[in-house]
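Worksheet: one structure, shown below.
Every number in this text was worked out from the coordinates using simple rules, so none of it is lab data. Predicted model only: the values in this text are computed from it and were never measured. Heads up, the Cβs are rebuilt from the backbone with ideal geometry, glycines too, and the neighbour counts pull from every protein chain shown.
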Amino acid sequence: MAKRSIRTTDPDSSNPSGRRRSSAPDQNGTAPKPTRGRRKTDGQDASSPLASVADIADFELSHDAIAERAYHIYLERGATPGDPFQDWLTAERELRQRLVVR
């Protein structure tokens, strides 16, 4: 196994206290930029229902929920051999459609 190289820092260029910079004004007398919070999207808050298909595509379904629905599709088919991948895709599509309706 190869050794990891350890990066050394130049003591002249690093912060001597080992801390991050404070919000105090710098040498030019200007204050540093404030940190930015998260942006809200299109005026929707976290409690609002998902409104578009794009929102649904970004929402991750539970692996267990998809697997359970795919299993039920298999049982509805009469537990006969089929394409498990197609069952998975059908289950995922159905669960996403349920989210849009709600």
| remark: So residue 33 and residue 71, fully extended at 0.36 nm per residue minus their Cα-Cα distance, gain in nm 8.4 nm
| task | Between residue 79 and residue 101, with labels modelled 7 Å along Cα→Cβ, what's the label distance in nm to one decimal, could you check? | result | 2.8 nm
| residue 86 versus residue 6: modelled label distance in nm, points set 7 Å from Cα along the beta carbon direction | 5.9 nm
